[in-house]
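Here the structure is laid out as structure tokens; the discussion comes afterwards.
The values are calculated or read from the model by the stated rules, or taken from the named source; none is laboratory data. Just so you know, these numbers come straight off a predicted model, no measurement behind them. With ideal geometry, Cβ positions are generated from the backbone for all residues, glycine too; neighbour counts draw on all protein chains shown.
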Amino acid sequence: MRCSNIRLLVNDYEACFHFYSQVLKLPLLRGDENSRYAEFDVESTTRLAISQREVMAEALGTDMADPELPHQDRLAVIFEVDDVDVTAARLVASGARQVMEPRDWTAWGIRAAHFRDPDGYLLEINRPLIPLSGL
């Protein structure tokens, strides 16, 4: 597994987009101020991404106010893997708590599965549906 990006799940997407693109002046790799998702170059093979918080909650069918998951939908650590299905099966067999089984997220351009660590943080394993060159 390779940590491909750290995704901040934000409440105010537009303000955060402005902060990372205009204040920190991070080069934009994907998205725009209206897309509700953007990736920035942080001079590393790992990228920084921001996503409108509700987008992930809607995708996973989770309740953002759930007191059992105090950290949900604030941060996601994303790992790129060679085979999402094989890796997901291995993680489940090892005792990982799966939130969403592997599926194609065509709007996101990835095949992904989602898990939670013991403290409730969201983890995603994914693989691009179409390999991206240069990222």
* region 96-123: number of residues that are under 16 Å from Phe79 (Cβ atoms), more than 12 Å from the chain's Cα centre (by Cα) and aliphatic (A, V, I, L, M) -> 3
* Asked: Any residue at all in region 13-22 that is within 30 Å of Asp83 (Cα to Cα) and in contact (Cβ under 8 Å) with a residue 24 or more places away in the chain?
  -> no
* Of residues in region 35-63 being under 20 Å from Asp104 (Cα atoms) and hydroxyl-bearing (Ser, Thr, Tyr), the one surrounded by the fewest Cβ atoms within 10 Å (Cβ to Cβ) -> Ser35
* Of all residues in region 48-100 being under 18 Å from Arg7 (Cα atoms) and of a type in the set (S, T, N, Q), which is modelled with the lowest pLDDT? -> Gln72
